[in-house]
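A short worksheet on the structure shown next.
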Amino acid sequence: MCTLDKMLIKGIRSFSPDNQNVIEFYKPLTLIVGQNGAGKTTIIECLKQACTGALPPNTRSGQSFIHDPKVAGETEVKALIKLRFRTFREEPIVVIRTFQLTQKKLALQYKALDNTLQTYNRETGVKEALAYRCADIDRHIPVLMGVSQAVLENVIFVHQEESNWPLADTQTLKKKFDEIFSVEKYTKVSIP
């Protein structure tokens, strides 16, 4: 089973770009509690972003996901999500995602800067990095975690605004279940 170790958040929503906030995940369970506006949902959104690359709903293409430059008193905010987890084989993996939000004259400009996947070579113990330009890390992470991307997005890290999908219309429900149970891998077979 995959386990989460810790996550660093910097410059995401209410998490200041000047501080590195580290959340440790304990075994067998970690509870996230706090007052409204404390950042509980942001922690889950950062976990989902780190694992799937998906931005939360209603973030205006990432513009409201990054800490507002006006609030920081800057024209540009750089943000970071760094997640360390262990695969089912107990191999340590680090996912690093960096972003930038720039205040232009009339609008905000969001940019995903870098996506990196760090692993350790079992034989040499040397750190190895895979940048987003070399491979699609959004496909690698679910494999390393031992779970499909559909399960990560729709079950494990489902956003509170999207959590009522089991009550949706039958067509939407079928589509979600098809994604979760990977039915596209199977084809119809006719038996003579």
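The values are calculated or read from the model by the stated rules, or taken from the named source; none is laboratory data. Computed from a predicted structure; not experimentally measured. Neighbour counts are summed over all protein chains in view; Cβ atoms, including those assigned to glycine, are modelled from backbone coordinates with ideal geometry.
Things worth noting here:
- Count - residues of the range 47-73 that are surrounded by 21 or more Cβ atoms within 10 Å (Cβ to Cβ) and part of a helix (DSSP H, G or I): 4
- Within the range 137-192, the residues that satisfy the criterion of being of a type in the set (D, E, K, R), farther than 20 Å from Asn115 by Cα and at pLDDT 80 or above are Asp169, Lys174, Lys175, Asp178, Glu179.
- Qualifying residue in the range 149-167 (condition: more than 18 Å from Leu47 (Cα to Cα) and of a type outside the set (A, V, I, L, M, F, W, C)): yes
- Ile141 assigned to a strand (DSSP E or B), of a type in the set (A, V, I, L, M, F, W, C) and surrounded by 15 or more Cβ atoms within 10 Å (Cβ to Cβ): no
- Conditions (1) at pLDDT 90 or above; (2) closer than 21 Å to Lys6 by Cα; (3) part of a strand (DSSP E or B); (4) not small (Gly, Ala, Ser); number of the one not met by Leu130: (1)
- Selected residue (only one of Leu117, Leu108 is within 17 Å of Gly62 (Cα to Cα) and either hydroxyl-bearing (Ser, Thr, Tyr) or touching a strand residue (DSSP E or B) at 6+ places or on another chain (Cβ under 9 Å) (or both)): Leu108
- Residues within the range 17-46 that are part of a loop (DSSP other than H, G, I, E, B), at negative phi and either touching an Asp or Glu at 6+ places or on another chain (Cβ under 6 Å) or crowded, with 16+ Cβ neighbours inside 10 Å (or both), tallied: 2
- Of all residues in the range 1-30, those that are farther than 21 Å from Thr98 by Cβ and free of Cβ contacts under 8 Å to residues at least 60 places away in the same chain have Cβ atoms under 9 Å from Cβ atoms of residues that are part of a strand (DSSP E or B) and hydrophobic (A, V, I, L, M, F, W, C), 6 or more apart or on another chain, in Glu24/Met7; Phe25/Leu4; Phe25/Met7; Phe25/Phe85; Thr30/Leu4; Thr30/Ile23.
- Pairs are defined by a Cβ separation below 6 Å, a sequence spacing of at least 6 or placement on different chains, a first member in the range 114-143 that is of a type in the set (D, E, K, R), and a second member that is modelled with pLDDT of 85 or more and not in a helix (DSSP H, G or I); the pairs so defined are Asp114/Thr98; Lys127/Gln118; Glu128/Thr119; Asp138/Gly53.
- Residue match in the range 109-122 (condition: farther than 18 Å from Ile23 by Cα and in contact with an Asp or Glu (Cβ under 6 Å, 6 or more places away or on another chain)): yes
- The range 55-86 - residue that is among the β-branched types (Val, Ile, Thr) and either touching a Phe, Trp or Tyr at 6+ places or on another chain (Cβ under 7 Å) or touching a residue at least 60 places away in the same chain (Cβ under 8 Å) (or both) and, of those, farthest from Asp114 (Cα to Cα): Thr59
- Output for the range 153-176, where each listed residue is exposed (fewer than 12 other Cβ atoms within 10 Å of the Cβ), outside any loop (DSSP other than H, G, I, E, B) and polar (S, T, N, Q): Thr170, Gln171
- The set of residues in the range 99-111 that are of a type in the set (A, V, I, L, M, F, W, C) and either modelled with pLDDT of 90 or more or buried (at least 16 other Cβ atoms within 10 Å of the Cβ) (or both) comprises Phe99, Leu101, Leu108.
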